[in-house]
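To keep things clear, I will list the structure first and then write my remarks on it.
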């Protein structure tokens, strides 16, 4: 069985943080790592 790790790209403000996460995930046996591609988050967003 393969497992993937998914995280938001705003979780890490610098690429080094994401790089550390990916290396730790690989060491833990994860098969894939995915980041959300959205780069803009509205300040006052409410869902209807």
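Some points to look at:
- Sorting 16, 37 from the fewest to the most surrounding beta carbons within 10 angstrom yields 37, 16.
- Candidates 18, 35, 27, ranked by Gaussian network fluctuation over the chain, Cα under 10 Å, top entry: 27
- Principal semi-axes of the equivalent ellipsoid, √(5λ) from the alpha carbon gyration tensor of the chain, are 26, 14, 6 Å from largest down.
- The chain - percent relative contact order, Cα under 8 Å, separation 6 or more: 54
- Rounded tilt (10° steps) of 15-28 against the dominant C-alpha axis of the chain: 40
- Extension reserve of the residue 23-residue 46 stretch, reckoned as 0.36 nm per residue once the Cα distance is removed: 4.8 nm
- Take the Cα of residue 11, step 7 Å toward its Cβ, do the same at residue 34, and the gap between the two points is 1.3 nm.
- Calculated [θ] (222 nm, deg cm²/dmol) that DSSP helices of n ≥ 4 give over the chain, each run adding -39,500 (n - 2.57): -9500 deg cm²/dmol
Values in this text are rule-based calculations from the coordinates and carry no lab data. No experiment lies behind these values; they were computed from the predicted model shown. Here the Cβ is made from the backbone with ideal geometry for all residues, glycine too, and neighbour counts use every protein chain on show.
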